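The values are calculated or read from the model by the stated rules, or taken from the named source; none is laboratory data. This structure is a prediction, so every number in the text was calculated from the model and none was measured. All Cβ positions, even for glycine, are placed from backbone atoms using ideal geometry, and neighbour counts span all protein chains on display. Ligands, DNA and RNA are stripped out before the accessible areas are found, and what is left, the full protein with its side chains, is counted by its heavy atoms. Shrake-Rupley method; radii C 1.70, N 1.55, O 1.52, S 1.80 Å.
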Amino acid sequence: MADGQTVAVLHAANRFEAVAAAAMDGEPHADALAALVAGTRAAGPEFAGRVADALAVMIAWIEEDDARRFAPKTAVLRDAAARLRA
């Protein structure tokens, strides 16, 4: 059973995925991504690091399916993970 922070990490990662999916569809995403990064980092470095780790797992799963097709999406997720670790 997941603890409350794990659920929060997964929820945050899913929000990043939604922004990346919108970006893949050609929608503007820079402001939404910046806001999510800022909000996630405000929760503390440990939380931000866990979200970045969850994004790395998400990227790996996406790339297992079709790395080329989803390259724009994974690029946004990589950017987010890098910003969370900065």
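The table that follows gives values for the structure above.
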| read-out | value |
| --- | --- |
| Over the chain: helical MRE at 222 nm, DSSP H runs n ≥ 4 each giving -39500 (n - 2.57), nearest 500 | -28000 deg cm²/dmol |
| Heavy-atom accessible surface of the chain: percent carbon and sulfur, 1.4 Å | 56 percent |
| Environment charge at Val7 (Cβ cut-off 14 Å; Lys +1, Arg +1, Asp -1, Glu -1) | +1 |
| Cα long-axis angle, helix 30-42 against the chain (0 to 90 degrees, to the nearest 10) | 20 degrees |
| Percent of Cα-Cα distances greater than 15 Å, calculated over the chain | 53 percent |
| Accessible area per residue in Å² at 1.4 Å probe, computed on the chain | 59 Å² |
| Degrees, to the nearest 10: 4-24 long Cα axis against longest axis of the chain | 20 degrees |
| Given the chain, longest segment not containing exposed loop trypsin sites (Lys or Arg not before Pro) (DSSP; at most 15 other Cβ within 10 Å) | 1-67 |
| GNM flexibility winner over the chain from Ala48, Ala75, Ala12 (Cα, springs under 10 Å) | Ala75 |
